[in-house]
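Read the structure below first, then the notes.
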Amino acid sequence: MAHAVRMPPLGQTTDELRIVEWLKAEGDEVALGEPLFEVETDKVTLAVEATVRGTLLEIVHGAGESVRVGTLVAYVGEPGEKAPEQAPTQEPAQEAIAGGELPTISPQRARVTASPAVRHLAHDLGVDLSRVQGSGPDGRI
């Protein structure tokens with residue numbers, strides 16, 4: 001079954017984000033947690049990671065397009081599988097959050113200091129470590 005990849009909520013002041021670049025092409029294998037595409041918010045460029053593994057079946061919105069949070073941007077599934085025919089182009093963020101998987105994010109330029117165990121737990125819970133204030137030495141999480 002094909003899994004929908006949706007635009008995650010990344011910007012604090014806007015719900016529309018611009019896709020800068022796809023890091024994978026249609027037909028490429030995708031690993032869990034691997035960066036799929038880059039988006040530009042009003043403040044930073046971020047890499048959006050895959051929440052499932054498989055093959056990138058179809059890119060619905062390409063580089064340079066601006067889309068709202070929750071919008072379907074691609075499908076990931078099994079090799080040779082077909083993406084669904086009817087694909088909504090823009091969806092409200094609330095529907096996407098309530099009913100689907102949202103990709104996790106990782107800042108491309110900022111390095112967050114955290115232990116491997118914390119990184120793993122944050123990934124499993126969908127927590128963006130760049131937004132967490134560390135209490136350890138030098139802000140380590």
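The values are calculated or read from the model by the stated rules, or taken from the named source; none is laboratory data. This is a predicted model, so every value here is computed, not measured. Keep in mind that these areas ignore ligands, DNA and RNA; they rest on the heavy atoms of the full protein, side chains included. Shrake-Rupley method; radii C 1.70, N 1.55, O 1.52, S 1.80 Å.
For the reader, a short list of remarks on this structure follows.
- Solvent exposure of region 1-61 amounts to 47 Å² per residue of accessible area, where only protein heavy atoms count and the probe is 1.4 Å.
- Overall size of region 1-58 from C-alpha positions, given as principal axis extents largest first: 34, 19, 18 Å.
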